[in-house]
Amino acid sequence: MRRYLALWAELLRISWRRDRVSAVGMAAVCATTIAAAAGVALALRAVVDGSVHGTPGTALVAACGAAVGYAVTVTLQGTIWDLIKLLADKTDQELRPRIQGWIAGLEGLDHLERTDFLDRLEGARDNSWQISVSLWQIVLATRSALQLGVTLVILGTVSPWLLFLLPCAALPLWFDHRGKQAVAEAEMGTAEAFRLQRHLFQLGTRADSGKDIRVAGAGEEIARRQAVAWDEAAHLRYRARVRAAWWKFGGWAVFACGFVAGLALVAYRAAHGHGTAGDVVMAVTVASGLRQTVQQAVGNTTNTLATRTAIESYFWLRDYAAAETARTAGTVHAPARLSRGITFDHVSYRYPGTDRLALDDISIHIPAGTVVAVVGEYGSGKTTLVKLLGKFYRPDEGRITVEGMDLAGLDTANWRSRVSAAFQDFGRLETTFAEGVGLGDLPRLTDRDRIMRAVLDADAGALVERLTQGLDTQLGSELGGIDLSEGQWQRVALARSVMRDDPLLFVLDEPTASLDAPSEHAIFERQIARARQLAERTGAITMIVSHRFSTVVGADLILVLDKGRLVESGTHAELSALDGGRYADLYGIQAAAYTS
C-alpha cells in the first residue's frame, strides 16, 4: 500500500505541475458536491416540516435551496469526469514517455523476448492512461466516503439505530473487492492465451501475411486456432466474472435488507410520536441517496482495484529497469581506436527457458582492423555471437574483452555509439526515407549530404530516385506512405548502418539476404572497401555474418560455427585446404549448387 500511496502522490504532483487550474477545480467540485448533497437532504426536511407546521415562507425558501442544491449536484457530476479525463491526459503525457524510456533504456532484450516478461510489459505499456486515472478514482472514492460519512451523521440525528446501515453499506465494498481480485488473477493467468489469440487475429487480417495465408488455404485453420485460444482465455475470465458477480450480489443483498429495516424503524418511530414527518421524508431521501453514495464509493474503489494489474506491471517494470541498470551499468568508456582487438574467452550462452547452449565455450582473438566472417548452418549461433557483442545479452560463462577491457564493464551507451550494424531482423522504421537512414547517427539526423552518402554506400541511390518525393518520401502504408519490398527495406537498413564514420565494430548480419546476386556482389565489394577504410581510421573490426560463402572469401578471418561451438577458424585458403573440414565441405556443397 505504501508503494501505491507514493505513486498517487507522484501523480498528484505531476497534475499540479502540469494543470494547476484543473487540479484546484477538481478539489472544489468534490467539496461542493458533498456540501450540496447534505444541503438538499436538510432542505427537504425543512420543506415538509414547514408545510406541516404552517410556515410556508420557510418551506418556500427550503424548497428553493433544495432545487439549487440539486441543480449544482447534477451540473458538477457531469463536470467531474471532464476534469478527470483532462488531468489524466496531462499525467499520461509524462507517464507514457517514462514507461517507454524504461523499456528502450534496458541494455538487454529479455523483456522483449520472454513471454513471462511480455505479460507484465504489456500491462504497463498499454495501460498508462489507466494508471493515471487510478489517482482520480481514489479521489472520487474519498469524496464518496466523505459524502457517506455526512449522510450517516444526518441519519444519526433521526435515530442512532440508522448508523447500523454503515456496516451494511461497507459489505458490498468488501464483497466487490473479493470479486475484482479473482478477475485480476484470471486476467494475469490468461494473458499469454489472450496475446496468442490477438496475434492470430492480426495474422489473419494483415496485408503482409495475407498472401501466404490465402495461397496456403490456411485461413480457416488460423481462425480455428484463434477461436481456441480465445475460448481458453474467455472461459477462465468468464468463470472469474461469474464468481465476482455472485460476490457483488451477496453484498448488495445484505445492504438491501439493512436499508428496508432502517426505513421501517423510522416510519415506526414517527408513527409513535418520536419524529416528524420531515424526519421521515429526509430519512427516506437520505437512505435512498445512501444506496447511490455507497454504489459510487464501491464503484470508484473497485475501478481503482481494476487498475491493479496495470499498476503492479508498472511497479515491476520500474523495479526491473532499476535493478537491470544497476546490474549492467558500466562506467568505462570505449577506446578511441582499436590496436589489439576483441577477444572471446571461453564464452557460453544459453537462452532463458532452453537447455541447449546457443554458444558453447567460444574462445578466439580477433585482431584490430580484421574483416572477420562468421559462417555456419542456421541455428549454429552466428547471430547470438553478434548480439553478445552488442551487449544485448551477457555471457553466462566466460567474458568478452575489448582492448583487454571486459565488455561488461564498458558504458553501454558509449560502446554502442561506436558500433554500426545491419541486422538480419532489421527494423522497418515507418518515417521519411531520410529519417529512416539518418537515425543511424542521431547527431547527423538532418545532415542531407551525409544521408545521401550513406544511401550511395548502400547502393540505394536508384531507389531514392524512383520515390515520388525522394528522401522526403513517407515510408509505410499504414501511415499514408508507400510500402517497400523486403529488399528495398533492407537497403534502407543497410544505409542506416553506414551513417557513422568512426565505429570500432561494424556488423553486417546477413545484410543482403533479401537482395539478388548482382546487388549482393556490388554491396559486398563496397562494404569490404569501407571496412578497409575503417580499419585504417579507427582499427575497426568488421564482422560479416552470412550463409552465402561466396561473400566471405575475401575475409581476413573466417569463424565456422556448428551447434554453438567454434569448430574451425582461419582464412579461406587455410580452411579450404583442411581435408574433411567443415568449411571445405559446406563451401563445396554450396559452390556445386550454384554451378549446377
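The values are calculated or read from the model by the stated rules, or taken from the named source; none is laboratory data. Given the structure is predicted, the values throughout are model-derived calculations rather than measurements. Every residue, glycine among them, receives a Cβ derived from its backbone with ideal geometry; neighbour counts consider all protein chains shown. These accessible areas exclude ligands, DNA and RNA; they are computed on the full protein's heavy atoms, side chains included. Shrake-Rupley method; radii C 1.70, N 1.55, O 1.52, S 1.80 Å.
Considering only residues that are assigned to a helix (DSSP H, G or I), surrounded by 14 or more Cβ atoms within 10 Å (Cβ to Cβ) and not small (Gly, Ala, Ser), which ones fall in segment 103-126? Explain how you work it out, then say what you get.
Let us first name the residues in segment 103-126 that are assigned to a helix (DSSP H, G or I), namely 103-105, 110-113, 115-125.
The next check asks that each one be surrounded by 14 or more Cβ atoms within 10 Å (Cβ to Cβ); those that pass are 103, 110-111, 113, 117-125.
If the condition is that a residue be assigned to a helix (DSSP H, G or I), surrounded by 14 or more Cβ atoms within 10 Å (Cβ to Cβ) and not small (Gly, Ala, Ser), then Ile103, Asp110, His111, Glu113, Phe117, Leu118, Asp119, Arg120, Leu121, Glu122, Arg125 are the ones that fit.
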Given Arg496, Arg491, which one is buried (at least 20 other Cβ atoms within 10 Å of the Cβ), at pLDDT 90 or above, touching a Leu at 6+ places or on another chain (Cβ under 9 Å) and in a helix (DSSP H, G or I)? Arg496
Unmet criterion (only one of (1) in contact with a Gly (Cβ under 9 Å, 6 or more places away or on another chain); (2) over 18 Å from Gly409 (Cα atoms)) for Gly341: (2)
Residues of segment 66-102 that turn out to be more than 19 Å from the chain's Cα centre (by Cα) and either open to solvent by 70 Å² or more (accessible area, probe 1.4 Å) or acidic (Asp, Glu) (or both), as a count: 8
Subset of segment 551-567 that is of a type outside the set (A, V, I, L, M, F, W, C) and over 42 Å from the mean Cα position of the chain (by Cα) - its residue that is modelled with the lowest pLDDT: Gly554
Of the residues in segment 463-478, those that are over 23 Å from Glu520 (Cα atoms) and open to solvent by 70 Å² or more (accessible area, probe 1.4 Å) number 5
